[in-house]
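Below is one structure, written out as structure tokens; comments come after it.
Nothing in this text is a laboratory measurement; each read-out follows from the coordinates by a stated rule. As the structure is a computational prediction, the values presented were derived from the model and not from experiment. Cβ sites come from the backbone with ideal geometry, for glycine too, and all protein chains shown count toward neighbours.
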Amino acid sequence: MSILRLGERLVRSGAITSEQLDLLAAEQKRSGQRLTQLVVELGFASPERVAETVAEMSGSPYMPLQQQSIEEGLAALVDEEVARKHQMVPVRRLENRLTVAVANPTNIIGVDQLRQSTGLDIEVVVSPEGHIADAQDQLYLLQDHRGQIEEQIDRAEQAMAEIGDTGVRELGAVIELVEGLIREGFRRRATDIHMEPEERLTRVRYRVDGVLLSGPSLPTALHTAVMARTKILAGLDIGESRLPQDGRIRLEIGRKKIDLRVSTIPTIRGENLVLRVLDKSNVVLGLDAIGMGEQDLENLRGLLSTQTGMILVTGPTGSGKTTTLYSALSSLDAVRNKVATLEDPVEYELPMIRQSQVNEKTGFGFSSGLRALLRQDPDIIFVGEMRDGETASIAVRAAMTGHLVMSTLHTTSALGTLPRLVQMGVPVELLTTSVRGLLAQRLVRVVCESCVREHRPDPAVVRRLGLEEAPPGLLSGQGCDACSGTGYRGRTGLYELVRMTPALAQAFGAGRSMGELAAIAAADGTRFLRQHGLELAAAGRTTLDEVLRATADAPSPDRSDDDATTDQTVTADGSDHA
Ligand SMILES: [Zn+2]
């Protein structure tokens, strides 16, 4: 399969433009990188789309691996080194038939080797490189790790008892334990690892899909040693335990590079430690992978393609705004347009997009930064957050003078952003002419596929959701090993997209109530957060409990309350962990 053929195929299927192909060819000459890699790195096409095209050309089936659990016990069949070298991973075995996912189906050497070493029939499927690497981690690093933590704790405790406190941080057993605790977090897909000293023990907890889950507990005798070892890894002062500190750990587990942000704070029981896992693979998913409905997705793409006016994304901290915005930014044609951002902080580097990190302390804040940015001849601007009236006013003016401006606000509903911006001092007439779309979102946990079963919901939950009876077809997870007993695995978004139609602009300009505005948006086809949630629950993707939890603060249009006009929930924490 020649590079040119793949490139042309991608152009023909509309995945990339011919202009992008020219640029790819030029870059490839200079860097010598493979096209499959380069096209993804530059953000021209999603890895899934590229792998699908490769699969089509090779005649092998395409298989995305993210949702797929890799069958256990296959690690013994394929040597890790061989698997990594040839970018392949065994997926499942049915009697004499072994299904193997590969990134490049034209590389037959690896498959031949495997056929010989296992004596099995090999069925080849094509998967994105990233999926294969993740599946390899799952298979070789994590499945084997189960149950090791308790042993590691025992070993460290024994070693401590023998040696005493002195020189304990150099102890192999403690080093292994700290790595083991991080590895366990990684195995559970934790976004944060907490180590909290209490009177009799140190509790380790993992945040998974937004919820804290209990991990192992450490004997108090180990607390100082574990702390010291972690601080060394993070480059912190191990002698200082009375003041908060923060640092970073870069760690390799197997061949997987992990980046952690470490922070400590003294408590009355000793130092508390939190490790935040900075995992880039979940930040930029591509607009079609964030769980948006077809109609909403089409409308959002339409808004992005007009390339003028303002699009606002709203939701509380941790609602997935960053993922949506980064996915939207990477869907833009950054070859033909200058796309620039002002962020606090820059969470992930996007290809071809000029990102700046604001720093209020040095005077490079959102408003002064935005003014400077507008002198940089941009087409599309993303402003991390509308924190003040000045920033909002400049952004609105930019949106009215031929720029596409995207930003975020902390409000509970899409329509709630309008009165908020008025409160911030933006005149109503400017809003109705500049704003094109308002998007509110939340995250709900997805029912675990491995332990799913029929579900009868709690009548109280049904009532609180404003339903007369539970919809049919509800599912929930019973709890299993794959989901750490929670019944959920992964998260998806609930979305509420409101387009600024002439009717809506007129009604807002005339000072109509939120209920009336919501009715106009509904007539334009807006599906509100809770409605989207109920649809997902009826499809068995999530549960009513999750929908209630995620939308408890969202004003519902059919309750016709005017919550949104008095919406005052501003979170001081501007960060939004995707
Ligand atoms: Zn499960």
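Which percent, to the nearest 5, of DSSP beta bridges fully inside the chain are antiparallel?
Around 65 percent antiparallel, to the nearest 5.
List the extent of the Cα atoms of the range 208-350 along each of their three principal axes, largest first, rounded to whole Å.
Its Cα atoms span 61, 33, 30 Å along the three principal axes.
Please go through the range 332-414 and write out the trypsin sites (Lys or Arg not before Pro) that DSSP classes as loop and that have at most 16 other C-beta atoms within 10 Å.
Answer by residue number: Arg336, Lys338, Arg375.
Given the options Val54, Thr230, Thr401, identify the residue whose Cα lies farthest towards the positive end of the charge dipole of the chain (+1 on Cβ of Lys, Arg; -1 on Cβ of Asp, Glu).
About the Cα centre, the residue reaching furthest to the positive side is Thr401.
Mind checking the full-extension length gain between Gln113 and Val452? Use 0.36 nm per residue of separation minus the Cα-Cα distance, one decimal, nm.
Answer, rounded to one decimal: 118.3 nm.
Can you give the Rg/Rh ratio of the range 377-463, where Rg is from the C-alpha atoms and Rh is the Kirkwood radius?
1.21
Short version: what are the Cα gyration tensor semi-axes of the range 1-45, square root of 5 times each eigenvalue, largest first, in whole Å?
Semi-axes, largest first: 15, 11, 9 Å.
Could you give the C-alpha radius of gyration of the chain expressed as a fraction of 2.2 N^0.38 Å, taking N as the number of residues it contains?
Its radius of gyration relative to the 2.2 N^0.38 Å reference: 1.04.
Calculate the FRET efficiency for Gln376 and Thr501 from the Cβ-Cβ distance with a Förster distance of 41 Å, rounded to the nearest 0.05.
Computed FRET efficiency for Gln376 and Thr501 comes out at 0.80.
What number results when the radius of gyration of the range 1-111, computed over Cα atoms, is divided by 2.2 N^0.38 Å?
1.19
Determine, from the Cβ-Cβ distance of Thr308 and Arg84 and an R0 of 60 Å, the FRET efficiency 1/(1 + (r/R0)^6), rounded to the nearest 0.05.
0.80
I need the calculated FRET efficiency for the pair Asp481 and Asp288, taking r as the beta carbon distance and R₀ as 45 Å, to the nearest 0.05.
Efficiency at R0 = 45 Å is approximately 0.90.
State to the nearest 20 debye the size of the charge dipole of the chain about its Cα centre, where the only charges are +1 on K and R beta carbons and -1 on D and E beta carbons.
Using Cβ point charges on Lys, Arg, Asp and Glu, the chain gives about 780 debye.
Under the rule of at least 5 residues apart or a separate chain, name every residue whose amide H is placed under 5 Å from the amide H of Thr408.
Counting only residues 5 or more places away or on other chains, the set is Val313, Glu385, Met386.
Under 19 Å from a point placed 7 Å out from the Cα of Gln158 along the Cα-to-Cβ direction: which residues of the range 222-245 have their backbone N that close?
In the range 222-245, the label zone of Gln158 (backbone N under 19 Å from the point 7 Å along Cα→Cβ) covers 222-223, 226.
Enter the Cα centre distance for the pair the range 321-359 and the range 403-426, rounded to the nearest angstrom.
Cα centroid of the range 321-359 versus Cα centroid of the range 403-426: 20 Å apart.
Give me the log10 of I(q) over I(0) for the range 396-443 at q = 0.21, 0.24 Å⁻¹, as the Debye formula computes it from C-alpha points; what are the numbers?
Reported log10 I(q)/I(0), two decimals: -0.74, -0.94.
In nm, give the distance between the simple-model label positions of Arg30 and Arg250, each being 7 Å from the Cα along the Cα-to-Cβ direction.
For the pair Arg30/Arg250, the computed spacing is 2.4 nm.
With each pseudo-label sitting 7 Å past Cα toward Cβ, what's the Leu243-Ala221 distance in nm, one decimal?
With each label point 7 Å from Cα toward Cβ, the separation is 3.3 nm.
Please report how far the C-alpha centroid of the range 428-470 lies from that of the range 488-540, rounded to the nearest whole angstrom.
If you average the Cα positions of each part, the centres end up 11 Å apart.
Using each residue's phi in the range 40-54, evaluate 6.51 cos²θ - 1.76 cosθ + 1.60 at θ = phi - 60° and report the 3J(HN,Hα) Karplus result to the nearest Hz, with x for Gly and Pro.
Those phi angles translate into 6, 4, 7, x, 6, 9, 6, x, 5, 4, 5, 5, 4, 5, 4 Hz.
In the calculated pair distance distribution of the range 146-281, what percentage of Cα-Cα distances lie above 21 Å?
Counting pairs separated by more than 21 Å, the tail of P(r) holds 37 percent.
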